[in-house]
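Undergrad: The following block contains the structure, expressed as structure tokens.
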Amino acid sequence: MAMATPPSNSPSALGARKLPRDIEPVFIADADYLARTVDSPASESGPLFRLMFPRPGVEFSEQQKDEIIRWHAEGIKDAITGGRTYLRKIRHSDGTVVGLAGWVIEGCPEEQANLNRNRTAIKAKVGNKQKSNYWLPGTLDVSAWLKMSAALKKERHRTIGHLDNICRITIMSIRPEYQRQGLGSLLMQHICEDMDRHGRYGYVLASPAGVRLYSKFGFEAVGQRSRQVSPYSRRWRYGPKDGRRIGG
């Protein structure tokens with residue numbers, strides 16, 4: 001996301017452009033709710049969650065669940081205070097906040113300047129008190145998490161590290177009971193319209209559950225699937241005026 005949502009009650013810089021009625025900026029105050037009702041529940045069926053929190057045939061205790069939710073909430077707060085991530089939430093027609101999307105802009109000097117200004121603005125508003133302490137939930141398989149994080153980062157740099165002006169999608173979560181109602185498509189449409197407005201390419205490492213949605217918006221598989229980040233697949237969306245391709 002080119003500029004993170006400021007932790008205040010005013011719209012973000014990107015919010016100066018009128019957002020669709022049901023898509024709104026994300027604030028620090030939203031983090032705990034989004035983690036508990038959207039991001040954590042949506043991730044539980046995914047391959048990354050099962051790798052990081054292996055519990056075959058065993059239910060998490062309420063305390064363990066709360067620790068995982070807290071970890072998700074701190075990740076959202078860090079994304080905001082880091083000043084680099086665009087975060088958007090979406091409401092269902094019943095008014096409930098049910099989805100979260102995030103993206104960053106890679107390799108764009110203008111966005112780097114925005115990032116530096118935004119970090120300064122956020123620091124002035126929240127100081128360091130909102131910055132998460134280094135803490136991990138007890139059920140996290142730290143070794144597996146670090147190994148996969150390093151593999152995902154390596155894959156990302158191998159694929160797009162030499163390119164510029166790339167929109168990299170980092171979060172796409174819909175509350176499970178509201179899935180398959182077109183809400184993910186509304187968030188993706190919002191992101192893709194912003195990509196096209198700025199002539200950007202899109203990139204995502206997609207889980208199997210996300211392939212259908214990304215394909216719907218023109219994201220194509222590129223190269224061979226890496227065994228190090230399996231079952232994730234690299235997906236690429238070409239710029240509106242340019243057919244430039246990336247390597248495998």
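Readers should treat all values here as calculations from the given coordinates under stated rules, not as data from a laboratory. None of the values given here were measured: they were computed from a predicted structure. Heads up, the Cβs are rebuilt from the backbone with ideal geometry, glycines too, and the neighbour counts pull from every protein chain shown.
Undergrad: Say each of residue 212 and residue 58 gets a label point 7 Å from the Cα, pointing the same way as Cα to Cβ; how far apart are those two points in nm?
TA: Result for the modelled spin labels: 3.3 nm.
Undergrad: Oh, and also: So, R0 is 41 Å and r is the distance between the beta-carbons of residue 158 and residue 189; what FRET efficiency does that work out to, to 0.05? List each step's numbers first, then the result.
TA: On the way: r = 29 Å, r/R0 = 0.71.
With a Förster radius of 41 Å, E is 0.90.
Undergrad: Fully extended, how many nm does the chain gain between residue 66 and residue 149 (0.36 nm per residue separation, minus their Cα-Cα distance)?
TA: On the way: separation 83, 0.36 × 83 = 29.88 nm, distance 2.26 nm.
Fully extending the segment from residue 66 to residue 149 adds 27.6 nm.
Undergrad: So if I restrict to the alpha-carbon atoms in the range 138-190, what is the Rg, and what is Dmax, the biggest pairwise distance, in Å?
TA: Looking at the range 138-190, its Cα Rg and Dmax stand at 15.6, 40 Å.
Undergrad: Can you tell me the order of 200-206, 175-181, 75-81, 53-59 when each peptide is scored by its average per-residue count of other Cβ atoms within 10 angstrom, highest first?
TA: Numbers: 200-206: 22.9, 175-181: 14.6, 75-81: 21.1, 53-59: 9.7.
With the highest mean Cβ count within 10 Å placed first, the list reads 200-206, 75-81, 175-181, 53-59.
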